[in-house]
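So the structure is just underneath, and the comments pick up after that.
The values are calculated or read from the model by the stated rules, or taken from the named source; none is laboratory data. Values in this document were obtained by computation on a predicted structure and should not be read as measured data. Cβ coordinates were reconstructed from backbone atoms using ideal geometry, including for glycine residues, and neighbour counts include every protein chain displayed.
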């Protein structure tokens, strides 16, 4: 199970980076898209970060238990 969680972590981190990049780009450009979606993008980034951190913690807990035979 720890291996499965370990392979999910990069996807959660990539999602966080992508959402962050879209948010920064929209704020730099300004306009209607930024006004309409900046708060939504920030909430999505925070949720993606929370998922990434939770996956890391789950991995550490599972890895700390050692091999379950």
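Within the range 21-41, residues that are surrounded by 12 or more Cβ atoms within 10 Å (Cβ to Cβ) have Cβ atoms under 6 Å from residues that are at pLDDT below 90 in these pairs: 26/33; 26/34; 27/34, counting only partners at least 6 apart in sequence or on another chain.
Every residue in the range 42-52 that is surrounded by fewer than 15 Cβ atoms within 10 Å (Cβ to Cβ) and under 8 Å from the mean Cα position of the chain (by Cα), please. If the condition is that a residue be surrounded by fewer than 15 Cβ atoms within 10 Å (Cβ to Cβ) and under 8 Å from the mean Cα position of the chain (by Cα), then 46, 47, 50 are the ones that fit. Return yes when residue 8 is part of a helix (DSSP H, G or I), in contact with a helix residue (DSSP H, G or I) (Cβ under 6 Å, 6 or more places away or on another chain) and more than 30 Å from residue 63 (Cα to Cα) and no when it is not. Here the answer is no, as residue 8 does not meet what is asked.
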